[in-house]
Each structure stands twice: as C-alpha cells, then as structure tokens.
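Comments concern the structure below.
No lab work stands behind these numbers, since they all come straight from the coordinates. The shown structure was predicted, so the numbers you read here are calculated from the model rather than taken from an experiment. Here the Cβ is made from the backbone with ideal geometry for all residues, glycine too, and neighbour counts use every protein chain on show.
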C-alpha cells in the first residue's frame, strides 16, 4: 500500500514539474517567436489571474480580528480648487515725465521720495520770452475785439459797410487764435504731475538745459493702483470671471494679499495657447513695487456644500476602483469596517472632493486603513 502511494506521489510530482516546464517553455517560445499578439493575450490572462487573487485575498485574508484605527466624521464644507501661476506686479501709473519745451530748467520743486498731487507744479523751463509775447498778443486781441464791437454796433445801425464789419471780425478771431497758440506753447514750460503719486527718481538738476528728445526729467509712480499681470492656459476660458478672488503671494515680502480678477483678455496667444489677465491687488502698506514676482492662486472651482476627505486615505483595488474604509454600526469607540467605492472630484491642498459614495456624517478611517479588511471590528 505504501509503495502504491509512493508511486502515485512521484507521478504527481513529475506531472507538476512537466507542467511548469511546459508553461515556462511556452512563454519563452512566445518571446523568441516575437509574436506580439500572443504575448498580449498571455499578459491579459496573467492580469486577470492577479485580479482574482487580489479579490480572494481581500475576502479571505482577515489580518486580525480587530484593529486600532483613527476615524473622521464627515461634514459638508466649502471646497475650492485653485490653479497656481506666476505673474508680475505692475501699475498703470508709472511714467517718465518728459519735457515738452526746450530750454533751461529754472525751477525744480521736487526730490526723490516726495509725494505729489495731480496737477502740482514740479518744475519750470525758461520760456525764452514767450510770456512777453503773450502780453503783446493779448493787447492786440483786446484792440481787435474793441474794433469789432464798434463795427458791429455801427453795422446794426446800418452805418458803415459790411466789408468793414467782416474785416474787424476776422482780425479779432485771428488775434484770439494767436493768443491761444502762444499760451499753449507757454504752458509747456510748466511741468505738472499727471497724476498723484511719489517721485521715484529725479534725473536732472536745476539750471540744466532740457529738451523733448531727452530720456526724461523724473519718474513718478502711483502705488495705490497696483495689479498683477499674467497669462493663463486657454483651457481655463469660461472658468475665470471678472471679480474672481485670487490669493497673491509675494515671496520677497512673505505676505499674501487678497486680490480680484479685474480684466480678462479676449485674445489667445497662438504661440503658447494662453490669454492674459489682470488681478487688482491692494497695497495699504505701500510695499508692492512694479516688476515684483507674484505667485497667484486663482479659484477656478467652488462648491459650498462639498464632502471632502484627506487624499491619502483613498485606495485602489484590483479593478481600478477607488475606495475608502468607513466605520459602520458605531457604538462608542467601536465599529465595523466597510469598504465603500467612491467617485472622486478635484483635489486641492491634500484633500479631495467626493462626488458619490460618501455623505455628511459618515465616519471614515483615516489611519490604519492598510491593516484592516471588510467586516473587521474597529477600535478608535
């Protein structure tokens, strides 16, 4: 009897060895034959077997009778998704003040760092006798106007000729235009602030000869109307709106400001498939400067009643399903593990929105989920 058993066992071992050798030979032969279709079929069969093994282990491999875990009770919350992009700080009111008249700078009223108001006189250029010409032309205009008024009164009384009346009118209008033109020239000798701001830098000195062709007299900057300009990929067209809130981080200052999208471009750059936006930024401490680098976090999705969970608690099974473990039948500090398939939304700041599978007041396992299985008793 024992001899029979020995023969049967030896025969079984031989069959097992032959079968294993035949299987390896088959795989090796497929590789050597370079039969892509057959190799893909073999791979599919192996993957199906692995999936079955995973499912069996999930059902049969109860690692412990119970486990100590940490849990979290879910609540509806506000969930925001951000896009992060870099931009540059700028201001519309940042200009070089140019001279409009050639001559000697006889007055300079400001220095670097000084605050100025719109219309304030910053300096004056020698007018080269224009003011005297204005006085002379104004006298001529006054005479022409008096002559015209007399001729008009005579013409209204049918005294004199129409030609005399028209000539007086023409002379008055011409003199008036001459005064306006010379005053316009004279106004160019006075340098005024185009807007309220701070004199950032002065490039000239009193007594220096200046001309419209030179680089500039001074730079004036208004830091109260700052913004960040940047480009956004075209995939976000429709997701951004004027008024969308933006977190603006200035790494050089270590500060974050709350800004808003104030302008959205209507043109997509064909070279990088992006469009421009401007984000207004408050500057209460006057710390922002043109050309500073800013990191923007722009909200492109917002849900006011979302179910969110820590991203690291989400697992994936052999079928590719995303799942988490919840605690059901909770009594005090104990419960039972349940595997729940979930549908994921967007992720941001290490949390993920759950679109289906979980709801408010569900209790999920946040620590120890890798040591538990379906139906296990949980302690927390």
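Based on the Stokes-Einstein relation at 20 °C and a viscosity of 1.002 mPa s, and on the Kirkwood radius from alpha carbon pairs, the stretch 98-220 is assigned a translational diffusion coefficient of 126 µm²/s.
With the simple spin-label model, which puts each label point 7 Å out from Cα in the Cβ direction, the residue 36 to residue 359 separation comes to 5.0 nm. Build a GNM of the chain with springs between Cα atoms under 10 Å apart, and of 353, 93, 55 the one that fluctuates most is 55. Taking the C-alpha atoms only, the angle from helix 2-33 to the longest principal axis of the chain is near 30 degrees.
Of all DSSP-defined beta bridges confined to the chain, some 95% are antiparallel rather than parallel.
Sorting 34, 152, 52 from the fewest to the most surrounding beta carbons within 10 angstrom yields 34, 52, 152.
Distance between the pseudo-spin-label points of residue 56 and residue 343 (7 Å out from Cα toward the beta carbon): 3.3 nm. Taking the average, over residues, of other Cβ atoms within 10 Å as the packing measure, peptides 219-230, 361-372, 301-312 rank 219-230, 361-372, 301-312 from highest down. Relative to the 2.2 N^0.38 Å rule of thumb, the stretch 303-364 has a C-alpha radius of gyration ratio of 1.15.
Sequence-distant contacts, meaning Cα pairs under 8 Å at least 6 residues apart, place the relative contact order of the chain at 25 percent. Against the chain, whose longest principal axis comes from its Cα atoms, helix 130-156 is set at around 70 degrees. Peptides 182-191, 199-208 ranked from most to least packed give 182-191, 199-208, packing being the mean of other C-beta atoms within 10 angstrom over each peptide's residues.
Each of residue 28 and residue 241 was given a label point 7 Å from its Cα along the Cα-to-Cβ line. The distance between the two points is 6.8 nm. Only helices enter this figure: runs of n ≥ 4 DSSP H residues, each worth -39500 (n - 2.57), summed and divided by the residues of the chain, yield -10500 deg cm²/dmol at 222 nm to the nearest 500. The stretch between residue 209 and residue 331, if pulled fully straight at 0.36 nm per residue, gains 34.9 nm over its current Cα-Cα span.
When the Cα atoms of the stretch 72-116 are aligned to their principal axes, the ranges along those axes come out at 78, 20, 13 Å in descending order. For the chain, the alpha carbon positions stretch 157, 63, 52 Å along the principal axes, listed from largest to smallest.
Averaging the Cα positions of each part gives two centres, and for the stretch 312-380 and the stretch 243-310 these lie 35 Å apart.
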